[in-house]
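Comments concern the structure below.
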Amino acid sequence: MGLHPLEFSECYLDSPGFREKIKSHEAELEKTNRFIKELYKDGKNLINATKQLGMAQRKFAQCLGEFQFEYIGDAKTDDEKCIDDSLLEFSSFLKNLEDQRELMMRNITETLMKPLEKFRKEQLGAARAERKKYEKETEKYYSSLEKLLNMSAKKKEPQLQEADSQVEVMRLHFQEESLDYVCKLQEIQERKKFECVEPMLAFFQTVFTFYHQGFELANDFDHYKQNLQINIQNTRSRFEGARLEVHELMKRIREAPQEYRQTSPISSEGYLYVQEKRPPPFGSSWVKRYCTFVKEQKILHMVTFDHRSGGKMGETESVTLKSCVRKTTDVLDRRFCLDLDITDRPGTVLTVQSMSEDDHKFWMQAMGGKEPLGHYLGRTCSKERGIDAQLDDLGMGFVQNSINAIEKRGINDQGLYRVVGVSSKVQKLLALMIEEKSHEVDLSTSEEWDVKTITSALKLYLRSLPEPLMTYGLYKDFINPAKSGSPESRFQAIHCLVHKLPDKNQHTLGLVLKHLANVADHSKQNLMTVANLGVVFGPTLMRPQEETVAAIMDLKFQNIVVEILIKQHQKIFAGPPESCPASGGPVLLAPTRQSKKVARQNRPLAVYNPQALDIKSVSPDGSSPTPAADDGSTGSSDSVESQPSSHSPSLATPSDTPPEKSGHTPLSSPLSNTSTGGGASRASSAGSRETNLTGAVSSDEAQAEESVPVARKAEAVYPCEAEHDSELSFLIGAIFTGVTPSREPGWLEGVLDGKRGLIPENYVKFL
C-alpha cells in the first residue's frame with residue numbers, strides 16, 4: 001500500500017498514528033529530494049561528457065576539413081575532384097551533427113535540469129520550511145500545555161484564566177500550522193508526479209529528435225556515400241593500371257638512361273651563375289640560377305635555386321637577349337663566363353658563368369655566342385621601384401582602364417574578383433599602370449594580362465592607397481548605421497556620408513560601385529552576388545586606421561555598408577540628399593537578419609513545450625487543431641509565443657530561436673504539406689478544424705472561422721531568395737498584394753507576380 005492520506009480532522013487529534021503518517025510523507029519527500037539531487041548531478045556529468053565528446057568531434061572534423069590532397073599533373077579527373085572534396089564533406093557532416101548535439105544539450109538544460117532543480121528548491125524547499133515551522137509550533141504548544149497543567153490549582157483565578165487563554169492561542173496557532181503543513185505535504189506529493197515526469201518527457205523528446213536528425217543526416221549522406229564509393233573504386237582501378245606502367249618505364253630507363261635524356265629543339269636548360277652587382281664598396285656576388293633559353297624568342301628565364309638551403313626557389317626573372325659574347329679571363333678572373341647584352345635594359349650587360357668547359361660551349365652554341373671584339377661597360381641595375389599608389393589622375397585612369405577591360409573581357413567569368421592572379425604578375429601590372437606612360441596600355445585589348453590579374457591589381461591598388469576610398473575619418477560614421485537602424489535610416493545615413501567624401505574619393509568610389517553593380521547583374525553567370533561582392537570589397541573600400549580585435553569584429557558591418565552602396569548606387573550618386581539626420585541621433589533598431597540558407601541536415605531541433613498544450617483543444621485522436629487565423633494585425637510574433645492560445649502546438653521551436661526570418665525551415669505552410677522531419681508536427685489543412693473532447697466546436701474556434709483576415713499591400717525592405725517551393729523570391733522595393741498573416745509564426749502570405757507564397761514578416765513594411 002502507498003502513503004496514507006492525511007485527514008485534516010486528524011490535525012486536531014494529533015494522534016501517534018497521525019504523526020507516523022506525517023513521518024512517512026516526510027521520508028518520501030526526502031527520498032525524492034535525494035533522487036533529484038543525484039539526477040541533477042548525473043545530468044551535469046552527462047552534459048559535461050557530451051561537451052567533451054562534442055569538442056573532440058569538432059576537433060576531428062576541423063582536422064578533416066583543413067587537410068587537402070595534392071595531385072600530380074595540371075588537372076584532376078572528376079573522381080579525384082570528388083575524393084579531394086570528400087574530407088571537407090565529412091567535416092561538414094560531423095559539424096552539422098555536433099550542431100544538433102549542442103542544441104540538444106542546451107535544450108536538455110532548459111527542459112530538464114532547470115525545471116527539476118526549480119521543483120526541488122521551490123517545492124521541496126518550501127515543504128522543509130513548513131516542517132520547521134510545524135515542529136516549532138508543536139514544541140511551543142506542548143511546552144505551554146505542560147506548563148499550564150503543572151500550575152497549582154491554588155493560583156488566583158485571573159492568573160489561571162490568563163494562562164488558559166495563552167495556551168488556547170498557541171493551540172490555535174499549532175492547529176493552523178498543522179493544517180497548512182498537511183495540505184502542503186499532500187500537494188507536493190501529488191505535484192511531483194507531473195513536475196518530475198514532464199521534464200523527463202521533454203528530455204526524451206529532445207533526445208529522440210536528435211537521433212531522428214542523425215537518421216535524416218544519414219539518409220542525406222547515403223547518396224553521396226554511394227557516389228563516393230564509385231569514385232574511389234574508379235581511382236583505385238586507374239592507380240593499379242598506372243602503377244604497372246610506371247614500373248615498366250622505370251625499368252627501361254635504368255637499362256638505357258641516355259636514350260631518355262630530355263632534349264628540345266625549342267629551348268635549352270641548365271644552371272648558370274649570374275653576377276649580381278652591388279653599389280661600392282660591396283662589390284658583386286654570384287647567384288646560381290636555373291636558366292631556360294627559348295631560342296626563337298631569345299628569352300632567358302632565370303629562377304634562383306640553391307640546393308644547400310633545402311631547395312628553396314626564388315622568383316623567376318625573364319630577359320630578352322640581344323647578343324652573347326664570351327668573356328675573357330683578362331677582363332674577369334673567372335673561367336667559363338659570358339656577357340649577355342639585354343634588350344630590356346639598354347646599355348646593361350649581364351655576366352653569367354657556366355659550370356664547365358663543355359657547358360660553356362653548350363651555352364655559346366645555344367645563344368649564338370661570339371668571341372669578344374670590344375669591351376662592354378656594364379651598369380648596375382636600377383633599384384626596383386616599389387608600389388606607390390596614389391589617388392591621382394594616373395590612379396583614377398588605371399581604375400577606369402581596369403573596369404573597361406573587365407566589363408569587356410570577363411564580366412561573366414565565374415568567381416570574378418574572388419579568383420586571384422599570380423602575385424608577381426599582379427605587382428608588375430600595377431607598377432606599370434601607375435607609371436607616367438600607363439595611358440599607352442589599353443587593358444581591354446591587351447592579351448598580355450588576363451582578367452584575374454587585372455581584378456587582383458585593381459583590388460591591390462585600392463588597398464595600397466595611403467587612405468582607403470571611404471577615408472579613415474568617416475569609417476566609424478559608415479559602420480554605425482550598419483549596426484542599428486531601419487533600412488531607410490541606414491540608406492539615408494550612408495547617402496549623406498558619401499557626399500562628405502573628398503571629390504576624388506567620391507568620384508572613384510562611384511566608378512567602382514557602378515561597376516560592381518554591373519558585375520552583380522551578371523551573377524547568374526559569374527556567381528558574384530551583391531553579398532559576395534560585399535565580402536570581397538568590404539575591407540578594400542573601407543578599413544579602420546587601427547588594427548585591433550574590435551576592428552576585426554566590424555568586418556561584417558563593412559560588408560553590409562558595401563552591399564547598400566552597390567544596391568543603391570544610382571540614388572546615392574545621383575546627388576546629395578535633401579536632409580541628413582543629426583549625428584548621434586537615435587535610430588530605430590532594425591530586425592535581425594539571419595542566414596536563411598540552411599540545409600536539411602542543420603534544421604533546429606523541435607522542443608517539447610508542455611505549457612503550450614491546452615488539454616481542452618486536443619482532439620480525441622490526440623492531435624492538435626489548426627491554429628485559428630489572425631485578425632489581420634501585424635503584431636510581433638513574440639506575443640504569439642509568450643501568450644499561447646488554445647491552438648498552440650504541443651511542439652515548438654527552441655526558445656532561443658527568434659521569431660523573425662531565422663535560419664530554419666518552416667514547419668509547414670498552407671502551400672506545402674511537407675514536414676521538417678525533426679520531430680515537430682503541425683496541423684496540415686488550413687481549413688480543417690478539430691472538435692474538442694465533447695465533439696463540439698469550441699466558441700473561440702467558431703469565432704476564428706468567422707473572422708477573415710484583411711488583405712493588405714506591403715513593400716520589401718530586404719531582398720530574399722526562396723529556398724522552398726512555398727516561399728517567394730523578391731528584391732528590395734517589390735510590392736506584394738493580398739498580404740495576410742500566415743499560420744507560421746514570423747511569416748506572412750502574399751501575392752507577387754501572380755504567385756502566392758510565404759514572406760518573412762520582418763522583410764517587408766505595410767503600405
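The values are calculated or read from the model by the stated rules, or taken from the named source; none is laboratory data. Just so we're clear, the structure is a prediction, and the values are computed from it rather than from any experiment. Please note: Cβ atoms are built from the backbone with ideal geometry, for glycine as well, and neighbour counts cover all protein chains shown. With ligands, DNA and RNA removed, areas are computed over all heavy atoms of the protein, side chains included. Shrake-Rupley method; radii C 1.70, N 1.55, O 1.52, S 1.80 Å.
Brief remarks on what is shown
- Residue ID - farthest from the chain's Cα centre (by Cα), chosen from residues in the range 361-403 that are under 30 Å from Thr351 (Cβ atoms), at pLDDT 50 or above and part of a loop (DSSP other than H, G, I, E, B): Leu373
- Between Asn518, Asn505, the distinction of being at pLDDT 85 or above and buried (at least 16 other Cβ atoms within 10 Å of the Cβ) belongs to Asn505 only.
- When Val182 is tested against (1) assigned to a loop (DSSP other than H, G, I, E, B); (2) open to solvent by less than 60 Å² (accessible area, probe 1.4 Å), just one condition goes unmet, and that condition is (1).
- Selection within the range 411-441 - in a loop (DSSP other than H, G, I, E, B) and either surrounded by fewer than 18 Cβ atoms within 10 Å (Cβ to Cβ) or modelled with pLDDT under 85 (or both): Ile411, Asn412, Gln414, Gly415, Arg418, Val419, Val420, Val422, Ile434, Glu435, Val441
- Taken together, the criteria place Gln175 among residues that are among the polar types (S, T, N, Q), open to solvent by less than 60 Å² (accessible area, probe 1.4 Å) and in contact with a Cys (Cβ under 8 Å, 6 or more places away or on another chain).
Quick grid of which residues meet (1) crowded, with 17+ Cβ neighbours inside 10 Å; (2) modelled with pLDDT of 90 or more; (3) among the hydrophobic types (A, V, I, L, M, F, W, C):
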| position | (1), (2), (3) |
| --- | --- |
| Lys121 | no, no, no |
| Ala126 | no, no, yes |
| Glu130 | yes, no, no |
| Thr138 | no, no, no |
| Met151 | no, no, yes |
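- Residue match in the range 51-74 (condition: over 24 Å from Phe174 (Cβ atoms), of a type in the set (Val, Ile, Thr) and in contact (Cβ under 8 Å) with a residue 60 or more places away in the chain): no
- Residue in the range 297-305 that is at pLDDT 85 or above, assigned to a loop (DSSP other than H, G, I, E, B), more than 30 Å from Asn33 (Cα to Cα) and out of contact with any Phe, Trp or Tyr (no Cβ under 6 Å at 6 or more places or on another chain) present: yes
- Tabulated pairs, the range 135-161, first closer than 16 Å to Phe174 by Cα, second part of a loop (DSSP other than H, G, I, E, B), C-beta under 9 angstrom, 6+ apart or interchain: Thr138/Asp14
- Thr453 vs. criteria under 19 Å from Met542 (Cβ atoms), in a helix (DSSP H, G or I) and of a type in the set (S, T, N, Q): no
- Conditions (1) of a type in the set (A, V, I, L, M); (2) farther than 30 Å from Glu122 by Cβ; (3) in contact with a Cys (Cβ under 9 Å, 6 or more places away or on another chain); number of the one not met by Leu94: (3)
- Looking at Phe35, Phe60, just one residue is open to solvent by 50 Å² or more (accessible area, probe 1.4 Å) and either closer than 17 Å to Met113 by Cβ or among the basic types (Lys, Arg) (or both), and that residue is Phe35.
- The set of residues in the range 727-763 being under 25 Å from the mean Cα position of the chain (by Cα), closer than 22 Å to Ile564 by Cβ and open to solvent by 20 Å² or more (accessible area, probe 1.4 Å) consists of Ser729, Leu731, Ile732, Glu761, Asn762.
- Which numbered condition His301 fails, given (1) farther than 18 Å from Ser268 by Cβ; (2) surrounded by fewer than 17 Cβ atoms within 10 Å (Cβ to Cβ): (1)
- Top-ranked residue of the range 456-502 - restricted to ones that are hydroxyl-bearing (Ser, Thr, Tyr) and under 15 Å from Val562 (Cβ atoms), ranked as surrounded by the most Cβ atoms within 10 Å (Cβ to Cβ): Tyr475
- Taking the criterion of being at pLDDT below 85, buried (at least 17 other Cβ atoms within 10 Å of the Cβ) and farther than 21 Å from Thr304 by Cβ, the only residue of the range 319-359 that qualifies is Lys327.
- Leu185 of a type outside the set (D, E, K, R), closer than 30 Å to Glu30 by Cα and modelled with pLDDT of 90 or more: no
- Qualifying positions in the range 705-726 - of a type outside the set (Ser, Thr, Tyr), at pLDDT below 85 and buried (at least 20 other Cβ atoms within 10 Å of the Cβ): Cys720
- Exactly one residue among Leu103, Leu97 is assigned to a helix (DSSP H, G or I) and more than 30 Å from Phe35 (Cα to Cα), and that residue is Leu97.
- Any chance Phe18 is touching a Leu at 6+ places or on another chain (Cβ under 8 Å) and open to solvent by less than 40 Å² (accessible area, probe 1.4 Å): yes
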